Amino acid sequence: MIRKHPFGQLARVEDAMHRGHQHRRTAGRQIVAPHDEVKFVVKDRADYDFARDVIARYDLESVARAILMSPVHGVLDPKTLAEWMLADRVPARLQLQIHKYIWRPDTRGV
């Protein structure tokens with residue numbers, strides 16, 4: 001699921017990037033394009049370390065339009081994730097699942 005790229009091996013990363021989750025795989029045999037956004041959903045320190053390492057290994061900062069990190073709602077405190085990101089100077093934006101704050105977290109379809 002990885003194609004050659006001038007910078008080396010890159011993978012298109014889908015929304016569900018939970019470490020060890022069955023959906024944590026590359027999709028479609030495509031490289032990350034300049035218009036792509038790469039989102040990591042982080043539930044714990046191990047997920048964060050994995051995401052940080054992928055960002056560095058594939059030099060995503062120079063390839064993707066944006067890199068996003070989103071804490072799993074109700075599992076990882078957004079402040080904790082923000083502190084990790086600031087401490088490591090990760091070139092990513094913190095993204096909250098705003099619908100979880102506007103509606104009840106278990107509300108579907110919003």
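The values are calculated or read from the model by the stated rules, or taken from the named source; none is laboratory data. Predicted model only: the values in this text are computed from it and were never measured. Note: ideal-geometry Cβ built from the backbone for every residue, glycine included; neighbour counts use all protein chains shown.
Considering each residue of the range 52-79, count those that are more than 14 Å from Val32 (Cβ to Cβ) and in contact (Cβ under 8 Å) with a residue 24 or more places away in the chain, and give that number.
Of the residues in the range 52-79, 9 are more than 14 Å from Val32 (Cβ to Cβ) and in contact (Cβ under 8 Å) with a residue 24 or more places away in the chain.
Can you name the residue in the range 25-42 that is in a loop (DSSP other than H, G, I, E, B) and surrounded by 14 or more Cβ atoms within 10 Å (Cβ to Cβ) and is also modelled with the highest pLDDT among such residues?
Asp36
From the list Ala87, Ala46, Ala82, which one is farther than 25 Å from Ile31 by Cβ, touching a Leu at 6+ places or on another chain (Cβ under 6 Å) and surrounded by fewer than 19 Cβ atoms within 10 Å (Cβ to Cβ)?
Exactly one residue qualifies, and that residue is Ala82.
Quick one: Ala51 ticks every box in (1) surrounded by 14 or more Cβ atoms within 10 Å (Cβ to Cβ); (2) at pLDDT below 85; (3) not basic (Lys, Arg) except a single one, so which number is it?
(2)
What are the residues in the range 70-91 that are part of a loop (DSSP other than H, G, I, E, B) and either among the basic types (Lys, Arg) or in contact with a helix residue (DSSP H, G or I) (Cβ under 6 Å, 6 or more places away or on another chain) (or both), if any?
Correct list: His73, Arg89, Val90, Pro91.
Could you give me the residue pairs with C-beta distances under 6 Å whose first residue belongs to the range 80-93 and is under 17 Å from Ala66 (Cβ atoms), whose second residue is part of a helix (DSSP H, G or I) and acidic (Asp, Glu) wherever it lies, and which are 6+ apart or on separate chains?
So the pair list comes out as Pro91/Glu61.
Residue check: is Arg19 outside any helix (DSSP H, G or I), at pLDDT below 90 and either out of contact with any Phe, Trp or Tyr (no Cβ under 9 Å at 6 or more places or on another chain) or of a type in the set (A, V, I, L, M) (or both)?
Answer is no for this residue.
Just one of (1) more than 14 Å from the chain's Cα centre (by Cα); (2) modelled with pLDDT of 95 or more trips up Val63, so point out which.
So the condition that Val63 fails would be (2).
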